[in-house]
Amino acid sequence: MAGEHTPALRISDAERERTVRTLGEHHAVGRLTYDEFVERMDLAYDARTYEQLDVLTADLPEAPAVPAQPQKRRWLVAVMGGNERAEEIAHDSTVIVDVMGGSDLDLRRASFPAGEASVTAIAFMGGSTIWVPEGARVELSGFAFMGGNSNSVPAAGSGPLIRIKAWSLMGGIDVRSGSRRRDRTRALPPPPRL
């Protein structure tokens, strides 16, 4: 019927929170100053209708790209035992300490927000295996006494740079890429039944 006014639809607390989260993401990438973010956040919490929320994000793109935050430092310590860790995001710095134990650090599927990472591995009567992505550039340095450190990663890589400092005393640190033997075993089809 002509002349009828349709009431504005009301919003929920979850929708207010979603808008504030979106505004925070835009502030994180620099589209909103701190003051603009605070002002719009206050308006979002006071909003009662969709129209009031829509005004707050009308001049912003749909999905802001939030930059991945580089991870700082991770420790892996194995004393008369073992560690096995597969990372999704490479830390800026990882420290591995093996004392009569061993660690297995898998970076093959990790993203490298900074384009590089460093690993310091210390082995005393133990050892570490560090798995890096195919194509990674590896710089291995350090010292081995009554043990050994090895890098079996091909040199002509164009992937992330991984700096590894390996210190071994009666132990060893291996740097590898590719698939592990157990990964290949899992991928094999079961033997035929007779």
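The number of residues in region 119-136 that are surrounded by 16 or more Cβ atoms within 10 Å (Cβ to Cβ), under 21 Å from the mean Cα position of the chain (by Cα) and either in a loop (DSSP other than H, G, I, E, B) or modelled with pLDDT under 90 (or both) comes to 3. Candidates are the residues of region 138-158 that are more than 24 Å from the chain's Cα centre (by Cα) and outside any loop (DSSP other than H, G, I, E, B); the one that is surrounded by the most Cβ atoms within 10 Å (Cβ to Cβ) is Asn149. Only one entry of Ala136, Ala155, Ala86, Ala114 meets the criterion of being under 30 Å from Glu36 (Cβ atoms), hydrophobic (A, V, I, L, M, F, W, C) and assigned by TED's automatic domain parsing to the domain that holds Gly172, and that entry is Ala114.
I need the full set of residues from region 77-101 which are outside any loop (DSSP other than H, G, I, E, B) and surrounded by fewer than 19 Cβ atoms within 10 Å (Cβ to Cβ), in order please.
Those that are outside any loop (DSSP other than H, G, I, E, B) and surrounded by fewer than 19 Cβ atoms within 10 Å (Cβ to Cβ): Val77, Val79, Gly82, Asn83, Glu84, Arg85, Ala86, Ile89, Asp92, Ser93, Val95, Val99.
Scanning region 46-70 for residues that are surrounded by 12 or more Cβ atoms within 10 Å (Cβ to Cβ), over 31 Å from the mean Cα position of the chain (by Cα) and either in a loop (DSSP other than H, G, I, E, B) or modelled with pLDDT under 85 (or both) yields a total of 2. Within region 88-98, can one find any residue that is small (Gly, Ala, Ser) and more than 13 Å from the chain's Cα centre (by Cα)? No - not one qualifying residue is present in region 88-98. If you filter region 1-29 down to residues that are of a type in the set (Asp, Glu) and modelled with pLDDT of 80 or more, you find that the one that is surrounded by the most Cβ atoms within 10 Å (Cβ to Cβ) is Glu25.
The values are calculated or read from the model by the stated rules, or taken from the named source; none is laboratory data. What you are looking at is a predicted structure, and each value in this text was computed from that prediction instead of being measured. Glycine gets a Cβ as well: all are built from the backbone with ideal geometry, and neighbour counts include every protein chain shown.
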